[in-house]
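Everything below concerns the one structure shown next.
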Amino acid sequence: MASIRAPIKSLSENQRRWRERIRQENSERIKLIRQEKINKFREDKLAQYQICNEIDAFNKANEETLRMQGTFDVDQLIEESIMQEYELEEYLQQEQVECCVNCQNEVLTYQQADMLSCSNCGFYTTKDCFEKTILPLLHRHALDCQGKIGFCLEPGTDNTLFANCDICDLWDILYM
């Protein structure tokens with residue numbers, strides 16, 4: 001038995017035009033979005049192709065110069081450059097660790113077996129407190145604030161440091 005489907009509620013002419021207009025607008029919007037994605041993909045491919053061509057042209061143009069310098073592989077040269085940057089960064093991190101966190105002018109020196117001190121401002125702390133408490137505090141603080149943390153000993157004690165920042169109102173007590 002074949003039946004003809006009929007809408008339950010008949011639509012007026014205005015409703016049909018309204019639905020057709022929405023259908024048309026959505027269709028155009030989808031086509032536009034697809035075209036934008038295709039154009040972006042083509043631009044990315046073109047940029048990648050141009051970069052590859054420029055690298056090849058550079059290698060061909062400078063091939064003789066590189067051979068005279070004893071460099072046969074540009075990738076090896078780039079890898080060596082990256083390694084040098086990494087070593088420089090490690091060195092700078094070691095230098096930063098040794099710098100006084102209070103005055104940032106002097107290098108912290110060992111006074112006793114594990115006691116670090118600054119000859120400029122008189123700041124001192126244990127190596128353990130410095131590495132496990134002060135440096136992490138400085139790194140966390142640097143993520144949120146550009147201010148400088150000042151350190152001072154609590155009056156009447158030898159093992160309690162106050163840390164405070166004038167910009168963000170950080171206030172912390174550190175135990176050595």
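Values in this text are rule-based calculations from the coordinates and carry no lab data. No experiment lies behind these values; they were computed from the predicted model shown. Using ideal geometry, Cβ is built from the backbone for each residue, glycine included, and neighbour counts are taken over all protein chains shown.
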In whole Hz and in residue order, list the ³J(HN,Hα) couplings for the range 136-142 that follow from phi through the Karplus curve 6.51 cos²θ - 1.76 cosθ + 1.60, θ = phi - 60°; x for Gly and Pro. x, 4, 4, 5, 4, 5, 5
Pull up the cross-link candidates among the aspartates and glutamates for K60, meaning alpha carbon to alpha carbon under 19 Å and not fewer than 8 places away within one chain. D73, D75
Could you pull the Cα extents of the chain along its three principal axes, largest to smallest, in whole Å? 99, 64, 36
As a test of the formula, what do you get for the chain when each DSSP H run with n ≥ 4 contributes -39,500 (n - 2.57) and the sum is divided by the residue count, at 222 nm and rounded to the nearest 500 deg cm²/dmol? -18000 deg cm²/dmol
So what J values fall out for the range 32-38 if you push phi through Karplus, 6.51 cos²θ - 1.76 cosθ + 1.60 with θ = phi - 60°, rounded to Hz, Gly and Pro as x? 5, 5, 4, 5, 4, 5, 5
Output needed: Cys residues of the chain lacking any neighbouring Cys C-beta below 4.7 Å, sorted by number. C52, C99, C129, C152, C165
Most exposed first, judged by fewest Cβ atoms within 10 angstrom, S119, S81 run S81, S119
